[in-house]
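These notes concern the structure reproduced below.
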Amino acid sequence: MRLFRNNSLTVVLLLLFGATIVGQWLTGWHVATADASHHGRAAMSLMNYTQSPEFLSSVFENWESEFLQMSAYVVLTAMLIQRGSSESKDPDSPPRDADLAAQASKPGAPAILRKGRLARALYARSLGIALFLLFLFSFVMHWTQSARAAAIEAKEHGEAALSTIAYLGDPQLWFESFQNWQSEFLSTAVLVLLSIFLRQKESPESKAVAASHAHTGD
């Protein structure tokens, strides 16, 4: 019970993720089955749908935008300020991560901080780097699976299919990406601005309920 309480946020989020991706999988298969019936094609089995470019492309299309949002958010909040927002660091506070070489000797400090200047520099930016790499991986998967789906559709219509490289310049790929990217950037900007004036009791993403609107940070 104590283990769950200490990790409840991760557990709940992963359960929600599991439930929703299963929902996407099952409903997507039903849509694909109905589409196949409409066009007089044999329907895919559920297992075949799991490996299909239609399903994989839709999954990674969404993951791509989420990891782009998170990587941009982590990096931009390290450099930019929004006065009064709980999502911004306080410009009047001293730097938190100055002189990492000296801080490496603090109790509980990650051992990698004692491995030299390069190790410290990389570790100090490791969250942003990891999120950006996850974005790149998701984008490549979205791109290649969308190219596969487009090639299958072209073949069904007796048309020449674009190569995977050529599909990188296809407007459809970028339409799919931009429609998700813009919503992620908008939602993040709205959160940053609303957190200046609005509160959520006990949430670390909100300022204290009694904090002034001018207060910056959590």
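Summary of values
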| quantity | calculated |
| --- | --- |
| Where a residue in the range 182-204 is within 18 Å of M70 (Cα to Cα) and its partner, wherever it lies, is outside any helix (DSSP H, G or I) and open to solvent by 50 Å² or more (accessible area, probe 1.4 Å), with Cβ under 8 Å and at least six apart | L191/E205; V192/Q82; L193/Q82; S195/E205; P204/D218 |
| Selection count, the range 148-174, where residues are part of a helix (DSSP H, G or I), under 22 Å from the mean Cα position of the chain (by Cα) and within 18 Å of L56 (Cβ to Cβ) | 2 |
| Qualifying residue in the range 82-99 (condition: among the aliphatic types (A, V, I, L, M) and in a loop (DSSP other than H, G, I, E, B)) | yes |
| Residue check, L118 among the hydrophobic types (A, V, I, L, M, F, W, C) and either open to solvent by 70 Å² or more (accessible area, probe 1.4 Å) or touching a Leu at 6+ places or on another chain (Cβ under 8 Å) (or both) | yes |
| Residue among L127, L80, L100 that is open to solvent by less than 60 Å² (accessible area, probe 1.4 Å), under 23 Å from G217 (Cβ atoms) and free of Cβ contacts under 8 Å to residues at least 60 places away in the same chain | L100 |
| Pick from the range 185-202, criterion open to solvent by 70 Å² or more (accessible area, probe 1.4 Å) and hydrophobic (A, V, I, L, M, F, W, C), ranking: nearest to the chain's Cα centre (by Cα) | F185 |
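Listed here are the residues, each with its yes/no results for (1) open to solvent by 40 Å² or more (accessible area, probe 1.4 Å); (2) within 22 Å of the chain's Cα centre (by Cα).
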site: M1; (1), (2): yes, no
site: L14; (1), (2): yes, yes
site: G23; (1), (2): no, yes
site: S45; (1), (2): yes, no
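The values are calculated or read from the model by the stated rules, or taken from the named source; none is laboratory data. Computed from a prediction, not measured in an experiment: that's the story for all the values here. When we count neighbours, we look across all protein chains shown, and the Cβ atoms used for this are built from the backbone with ideal geometry, even at glycine. The accessibility values were calculated without ligands, DNA or RNA, using every heavy atom of the protein model including side chains. Shrake-Rupley method; radii C 1.70, N 1.55, O 1.52, S 1.80 Å.
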